[in-house]
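Chemist: Please see the structure below; I have some questions.
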Amino acid sequence: METIESTSKTQPIALVTGANKGLGQQVVKELVAHGYLVLLGSRNFDNGKKAAEEIGDGANPIQLDVTDAQSIHRAVERITAEFGRLDLLVNNAAIAQSGDYSSVAEVLEASKASVASLDEIRTIFETNVLGVLAVTQAMLPLIRLSDSGRILNVSSALGSLTLNSDVSFPYRTFFGATYSASKTALNAMTLALAIELEETGIKVRAASPSFTATAMNDFQGTDSVEVGVKALVLAALDTDSSTGSFTGPDGSLPW
Ligand code: NAP
């Protein structure tokens, strides 16, 4: 009988963080359809188990809170023991706010640089920036053992300094000191790692989905997860183009 371990010698292995719902769960679904064995990361294991069961064979739940060093350590130990390498890491987990808000409009108002809570900025950066770096640093030894190592950071066009400097960019009034600035910082981390790993062949990318209806925006996004995920899947599966890319639904995005 073929075990997970024996199958994985030939099958690409991916880890997706924050994959119990929304775009992360859809990324897992698409990677499984592309023949990957995917570790579906979820800070609440039961939510991840349920999400993996909805997808079926190929999706395997793993407890992973990106702000918890012990949780990250346990995930590394499990992946090391079961697979001995990691081909693709998708850093998808993120939060848009940490306050007690009753609407997206309130979240946007509270994100303004003149009033944003420093505690809320710290909490958001802890997940969206430092959490990504912590998982990446911990998984990197396993990614270095892959023949086609890739790291995809799920970012947002809202984090682009170039776009937000352009007065014709329709979303620039959303550019605040909390979520969008965290994606700007994530972009900086992405580029820093891409430059550092250039000689290794590991591809480090950032990609933005389209505006997708998920819990993060109270389901106000205009696209379904099936549509929104497309740019993420393209970037995740891209083993060929130059490292250090930032792409969205219409191709290249400026940093
Ligand atoms: P979502 O449905 O709210 O999903 C976010 C996921 O991140 C959830 O699974 C959540 O887990 C998880 N998460 C939060 N904190 C975590 C932590 N400390 N450790 C592990 N997992 C954690 O939002 P989404 O729209 O699918 O977002 C996915 C990614 O796309 C994010 O990086 C987001 O910034 C990006 N993005 C989304 C849009 C959009 O239009 N939706 C646009 C641009 C970029 P829980 O269920 O436990 O909370």
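The values are calculated or read from the model by the stated rules, or taken from the named source; none is laboratory data. Computed from a prediction, not measured in an experiment: that's the story for all the values here. We place every Cβ from the backbone using ideal geometry, glycine too, and count neighbours over all the protein chains shown. Side chains included, ligands, DNA and RNA excluded: accessible areas come from the protein's heavy atoms. Shrake-Rupley method; radii C 1.70, N 1.55, O 1.52, S 1.80 Å.
Chemist: I want to verify a result. In a Gaussian network model of the chain, Cα cutoff 10 Å, which of these has the top mean-square fluctuation: 170, 61, 12?
Modeler: The residue with the greatest mean-square fluctuation here is 170.
Chemist: List every DSSP H helix in the chain whose Cα atoms extend 24 Å or more along the helix's own long axis and whose mean Kyte-Doolittle hydropathy is at least 0.5.
Modeler: In the chain, the long hydrophobic H runs are 179-197.
Chemist: Related question: Run the numbers on the range 4-252 and let me know its relative contact order in percent, using alpha-carbon pairs under 8 Å that are six or more apart.
Modeler: 18 percent
Chemist: Still on this structure: For the chain, what does -39500 (n - 2.57) per DSSP helix run (n ≥ 4), summed and divided by total residues, give at 222 nm, in deg cm²/dmol to the nearest 500?
Modeler: Theoretical 222 nm ellipticity from helices: -12000 deg cm²/dmol.
Chemist: Still on this model: Starting from the Cα of residue 137, step 7 Å along the direction of its Cβ; do the same at residue 68; then give the gap between the two resulting points in nm.
Modeler: 2.0 nm
Chemist: Here's another thing I want to ask about it. For residue 50 and residue 11 in one chain, what is 0.36 nm times their gap in residues minus the Cα-Cα distance, to one decimal in nm?
Modeler: That works out to 11.7 nm of additional length.
Chemist: If I histogram all Cα-Cα distances within the chain using bins 10 Å wide from 0, what percent of pairs lands in each bin?
Modeler: Histogram of Cα-Cα distances, whole percents per bin: 8, 32, 39, 18, 4, 0, 0.
Chemist: For the range 39-117, which whole-number percentage of the solvent-accessible area (1.4 Å probe, protein heavy atoms only) is attributable to carbon and sulfur atoms?
Modeler: 47 percent
Chemist: I've got another one for you. Which listed residue (208, 224, 245) has the Cα farthest towards the positive end of the charge dipole for the range 202-245, taking +1 on Lys and Arg C-beta and -1 on Asp and Glu C-beta about the Cα centre?
Modeler: Result: 245, furthest along the dipole toward the positive end.
Chemist: Now for a different question. Carbon and sulfur: what percent of the range 175-251's accessible surface (1.4 Å probe)?
Modeler: 57 percent
Chemist: To the nearest 20 Debye, how big is the dipole of the chain about its Cα centre, given +1 on the beta carbon of each Lys and Arg and -1 on that of each Asp and Glu?
Modeler: With Lys and Arg at +1 and Asp and Glu at -1, about 180 debye.
Chemist: In addition: About the Cα centre of the range 153-255, what is the dipole size in debye to 20, counting +1 per Lys and Arg Cβ and -1 per Asp and Glu Cβ, all else neutral?
Modeler: 220 debye
Chemist: Pick out, from 94, 133, 115, the residue whose Cα sits farthest towards the positive end of the charge dipole of the chain, with +1 on the Cβ of Lys and Arg and -1 on the Cβ of Asp and Glu.
Modeler: In the chain, that residue is 133.
Chemist: How much length is gained if the chain between residue 161 and residue 103 is pulled fully straight, taking 0.36 nm per residue apart and subtracting their Cα-Cα distance, in nm to one decimal?
Modeler: 18.3 nm
Chemist: Hey, with R₀ at 35 Å, roughly what FRET efficiency would residue 168 and residue 33 work out to, going by the Cβ-Cβ distance, to 0.05?
Modeler: Result of the calculation: an efficiency of 0.40.
Chemist: Between residue 113 and residue 78, what length in nm is gained on full extension when 0.36 nm per residue of separation is reduced by their alpha carbon distance?
Modeler: 8.5 nm
Chemist: In whole angstrom, how far apart do the alpha carbon centroids of the range 157-205 and the range 118-134 sit?
Modeler: If we compute the Cα centre of each part, the gap is 15 Å.
Chemist: Determine the per residue accessible area of the chain with all protein chains present and a 1.4 angstrom probe, expressed in square angstrom.
Modeler: Ligands and nucleic acids excluded, the result is 48 Å² per residue.
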